[in-house]
Amino acid sequence: MQKVVETVSTVAIRFAGDSGDGMQVTGSQFTDTTALAGNDLATFPDFPAEIRAPAGSLAGVSGFQIKFSSEAVFTPGDAPDVLVAMNPAALKVNLKDLKPGGMLIANSEAFTKKNIDYAGYATNPLEDGSLTGFKVFKADITGMTLKAVEELKLNNRHAVRCKNFFALGIVYWLYGREASHTVEWIKSKFKDPQLCEANLRALKAGYHFGETAELFDRSYEVKQAKIAPGRYRNISGNEALSLGFLAAAELSGLELFLGSYPITPASDILHELASHKQLGVRTFQAEDEIAAVCSAIGAAYSGALALTTTSGPGLALKSEGIGLALMLELPLVIVDVQRAGPSTGMPTKTEQADLLQAMYGRNGEAPVAVIAAKSPGDCFYTAIEACRIAVTHMMPVILLSDGFIANSAEPWRIPEMASLPKIPVKFWTEKEGFQPYARDENLARPWALPGSPGLEHRIGGIEKEHLTGNISYDAANHELMSKLRYERLQKIADALPPTEIEGDQAGDLLVIGWGDTYGPIQAGVEAVRKSGSKIGHVQLRWLNPFPNDLEAIMKRYKRVLVPEINLGQLVKLLRAKYLVDAKSFPKIQGQPFKESEIVFAIKQILEAN
Amino acid sequence: MRALNIYPQFQHTDPSTQTRKDFVTDQDVRWCPGCGDYSILAQVQRVMPTLGIPRENYVFVSGIGCSSRFPYYMETFGIHSIHGRAPAVATGVKAMRPDLSVWVVTGDGDALSIGGNHFMHVLRRNVDLKLLMFNNQIYGLTKGQYSPTSPVGKKAKSTPMGSIDYPIDPISVALGANGTFIARSFDVHASHLQNILKRAAEHKGTAFVEIYQNCNIFNDGAFSLLTEKETKSDHVIEIEHGKPLRFGKNLEKGIALDASLTPKVVDVASYGEDKLFVYDETSEIAALIVSRLHAPEFPVPIGVFRAVSRPSYDALLVDQIDRAKKGKRETVQELLDDGQWTVK
């Protein structure tokens, strides 16, 4: 049979299976290969909290979605065009998202009576006619995988585990992808020659199955996107943060210290930095979140570029320590990779609901700088910016990322270290004129390291006298110091570049977002602008302080809309500070926004004259 | 590797020129008149110039409580941190700067109640810092509540009918946490305390010193049995490495172990000196047994319970970094370039 090759511009695929089925590996392999093929792309890994939930259970379903295109891609896609379901539970959880008429590739062998019952289906959905609205391709992926590796005489468990590469092989054929990157990856990953060979055979067999079986009458081509020339790589948010901190250490000349306690979804930053001791990185896995922040404070006092990384519950535990760093006026970067809360919440699901905690979650008048990354690649630059402000302004900076940015990946243009601006750091060394709480033009106090003769001094959490830093309970001094701690933040705002507005520079509507909503807002704004409305988009990087030009920008639009993955936190801050009638568009489902949701919200506010 | 070296280099103070006065700050000492902390401060200030360390290389880190005001009175670098967390802050200091002499000053509430977790972990990691815990068996700064070392029945503001909490034994906890140097002394026992401080300073690793300290406002006389002239010789025993355990006005009493290793008080003359328990500060079992000697049944031991050698956390950390630097020479740019492709 001569098969047709059909050209399409954009495709979204979701791989779904048991948490032990290797769906994240399958997804990231497809991602790397697709990036190498020159498409623009965005990904969304969505996995359960359970490390290994019972096989076949709904709770154990792990998914990985990728959208790739010959056009610019801002989101991993609302509804996938293709769903690869490795078992009935994966089908049950994900079918509701599949586009009407979309393609379903189901591992038919896994649709046993037991698995069907376990997923809560009364009858086999592949047989009962309930999938008529979709293009259903039933393939015995498990059985064909076993056959492909039969000669290698692996035990059944190892043999079955190769099935994700069979599925990947089918999809590689379907979208005309070269398998060579994955072949190399399998060769480097599997040290056992038998397992290596088995996975290679499964991948190849899947590819050939797509090509020769009567199942598919066509394959698809997604042409290269127009991407600026340069060197690229795939990067996730947590990788980009780690590399950003390493870069900031090099740009400043400071030694890097990370005090951290394991917590989802931030632990990968600890893992990554712990593996780069050759760059002098000191990582300390502390006994708890409090020790993590406190060790970083001690390291900052001793001249480190000091970090602590955590998620929402950990930020709560670090509150008192962050207050201490504020009083000591030491540089410290606190990373909160946000997850769904409150309390333990949903650790593997994303949310942006720690903004108010970052802003206000300390005793007393305790303002700290708050900065947010808007995409995986942006995490790199946000990390450098947070470090720059921390060391040049001598203050704690909270950097907000979230579970979506942390784990999803995008192709990213690699920066040249030599072209990035250095971070200027000066330690105080002169005995003459030394006062621990004297201030420079940024209102930053001197950084005087232990070991400096004649600069012996004591600092602490007790209110201190202006200039000398001695303990002071003086009424007027407390008011002066409290106000100074606010004015120090304003100095950041005074040095910010003009705020970037994407889309229309004035008009009907300004959409203001922060953090991971960047992609969906950008996609939604562009979609509605095509129909003629004048819409601008500002994605705030600095949340404390706000940029000085934000008020004037808001006044250039008739309305302001603030979509957030929370119940309306940024919108509260904007309304309180600027008395602006900004409208909230909240979503709190542990999932990022879809483009269609943003489009809906924009249309709604534009029509609500 | 690093293009920049921005860390300043200094000509250090000659330690042989330093005197006690060099370690006294211009701040008024604000402890209550008669507080045991005054004596401890004096002994620390006497010992500091004898250790051969330039003043600028000392860092004193404290938590919260009466004892934690200590850094303000030491003309060294210092951080008055938050309640219970001084060991964690000090760990960060030492991890970055193993060349510094880092001292933690804490109290029974600070170290064993709110900071119990950090106390335990700093000891097991064996971070090279000195941890002085002033134990007055009471909360002083919050004006008189019972503490984790107060005896059962202690009547305090929060326990009008007496405490029903069984106290913790700091030395036993430190042993359980695999501390490498564990000692006890008294605020008023100047020469003993100075000797213990010197030995702590010389130890490579976490040196934990419990210092019994009288709070004359909220818990006056908590240790009078152990400090008063008439009673102390019968209720305190000085343990010394390689020497039999003897006490009493004329060292007429001793500690011996029965067949099941249970300690008992014996009369030296009738029991025989050669059958006494000979102390060995490197023996874990000896330390465990002696740490369980409590008044009034037994004399309270002071001295060095345990002194053993184990690599410190900071030394191991530096060693790993040194080895990593020899192994791989990746730059940040090389890490960024990992997995790259080129779009033309």
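The values are calculated or read from the model by the stated rules, or taken from the named source; none is laboratory data. Keep in mind that what you see is a predicted model, and the values were worked out from it rather than measured. Ideal geometry is used to build each Cβ from the backbone, glycine not excepted, and the neighbour counts take in all protein chains shown.
Tell me, which strands (runs of 3 or more DSSP E) wholly within segment B:163-265 include 1 or more residues that are of a type outside the set (A, V, I, L, M, F, W, C) and more than 29 Å from B:Lys143 (Cβ to Cβ)?
B:236-239, B:253-257
Just to be sure I understand, how many residues within segment B:119-140 are over 21 Å from B:Ala156 (Cα atoms) and either at pLDDT below 95 or among the aliphatic types (A, V, I, L, M) (or both)?
The number of residues fulfilling the criteria is 8.
Within segment A:284-297, take every residue that is in a helix (DSSP H, G or I) and facing another protein chain (nearest Cβ under 7 Å) and give me the one that is nearest to A:Val335 (Cα to Cα).
In this case the residue turns out to be A:Ala296.
Exactly one condition in (1) under 15 Å from A:Ala16 (Cα atoms); (2) crowded, with 20+ Cβ neighbours inside 10 Å is not met by A:Asp97; state its number.
Exception for A:Asp97: condition (2).
Mind listing whichever residues of segment A:396-419 are more than 14 Å from chain B (Cβ to nearest Cβ) and under 17 Å from the mean Cα position of the chain (by Cα)?
Those that are more than 14 Å from chain B (Cβ to nearest Cβ) and under 17 Å from the mean Cα position of the chain (by Cα): A:Ile398, A:Leu399, A:Leu400, A:Ser401, A:Asp402, A:Gly403, A:Phe404, A:Ile405, A:Ala406, A:Asn407, A:Ser408.
When segment B:266-300 is examined, which residues are found to be assigned to a helix (DSSP H, G or I), of a type in the set (Gly, Ala, Ser) and either modelled with pLDDT under 95 or within 16 Å of B:Ala174 (Cβ to Cβ) (or both)?
Filtering segment B:266-300 down to residues assigned to a helix (DSSP H, G or I) leaves B:268-271, B:273-275, B:284-291.
Keeping just the survivors that are of a type in the set (Gly, Ala, Ser) gives B:269-270, B:286-287, B:291.
Selection gives B:Ala286, B:Ala287, B:Ser291.
Do the conditions hold for B:Gly144, that is, is it on the phi > 0 side of the Ramachandran plot and under 15 Å from the mean Cα position of the chain (by Cα)?
It is false that B:Gly144 is on the phi > 0 side of the Ramachandran plot and under 15 Å from the mean Cα position of the chain (by Cα).
Just checking, how many residues over segment A:438-457 are out of contact with any strand residue (DSSP E or B) (no Cβ under 9 Å at 6 or more places or on another chain) and within 11 Å of chain B (Cβ to nearest Cβ)?
3
Every residue, every condition in (1) among the polar types (S, T, N, Q); (2) at pLDDT 95 or above; (3) within 19 Å of A:Ala316 (Cβ to Cβ); (4) touching a helix residue (DSSP H, G or I) at 6+ places or on another chain (Cβ under 7 Å), yes or no:
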| site | (1), (2), (3), (4) |
| --- | --- |
| A:Arg339 | no, yes, yes, yes |
| A:Gln352 | yes, yes, yes, yes |
| A:Leu356 | no, yes, yes, no |
| A:Gly361 | no, yes, yes, yes |
| A:Ile371 | no, yes, no, yes |
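Find the residue count for segment B:100-126, including only residues that are more than 7 Å from every other protein chain (Cβ to nearest Cβ), surrounded by fewer than 24 Cβ atoms within 10 Å (Cβ to Cβ) and out of contact with any Phe, Trp or Tyr (no Cβ under 8 Å at 6 or more places or on another chain).
The total comes to 5.
Take segment A:458-476 and flag every residue that is within 11 Å of another protein chain (Cβ to nearest Cβ), buried (at least 17 other Cβ atoms within 10 Å of the Cβ) and under 41 Å from the mean Cα position of the chain (by Cα).
Within segment A:458-476, A:Arg458, A:Ile459, A:Gly460, A:Gly461, A:Lys464, A:Gly469 meet the criteria.
Can A:Gly102 be described as within 26 Å of A:His208 (Cα to Cα) and within 33 Å of the chain's Cα centre (by Cα)?
Yes, satisfied.
For segment B:53-63, enumerate the residues that are in a loop (DSSP other than H, G, I, E, B) and at the interface with chain A (Cβ under 8 Å from one of its Cβ atoms). Spell out how you get there, then give the answer.
To start, the set of residues in segment B:53-63 that are in a loop (DSSP other than H, G, I, E, B) comprises B:53-54, B:63.
Scanning segment B:53-63 gives a single hit, B:Pro54.
Among the residues of segment A:298-334 satisfying the criterion of being over 21 Å from A:Asp268 (Cβ atoms) and assigned to a loop (DSSP other than H, G, I, E, B), which is nearest to the other protein chains (Cβ to nearest Cβ)?
A:Ser302
Tally the residues that are within 8 Å of chain A (Cβ to nearest Cβ), over 30 Å from A:Thr31 (Cβ atoms) and touching a residue at least 60 places away in the same chain (Cβ under 8 Å), restricting the search to segment B:304-344.
Number satisfying all stated conditions: 2.
Only one of these conditions is not met by A:Lys147: (1) surrounded by fewer than 20 Cβ atoms within 10 Å (Cβ to Cβ); (2) at pLDDT 95 or above; (3) part of a loop (DSSP other than H, G, I, E, B); (4) not small (Gly, Ala, Ser). Which number is it?
Of the numbered conditions (1) surrounded by fewer than 20 Cβ atoms within 10 Å (Cβ to Cβ); (2) at pLDDT 95 or above; (3) part of a loop (DSSP other than H, G, I, E, B); (4) not small (Gly, Ala, Ser), the odd one out for A:Lys147 is (3).
Report the residue count in segment B:65-85 for those that are more than 7 Å from every other protein chain (Cβ to nearest Cβ), under 16 Å from A:Ile322 (Cα atoms) and within 16 Å of the chain's Cα centre (by Cα).
Residues meeting the conditions: 1.
Does segment A:230-237 contain any residue that is of a type in the set (A, V, I, L, M, F, W, C), touching a residue at least 24 places away in the same chain (Cβ under 8 Å), facing chain B (nearest Cβ under 10 Å) and farther than 27 Å from B:Pro8 by Cα?
Yes.
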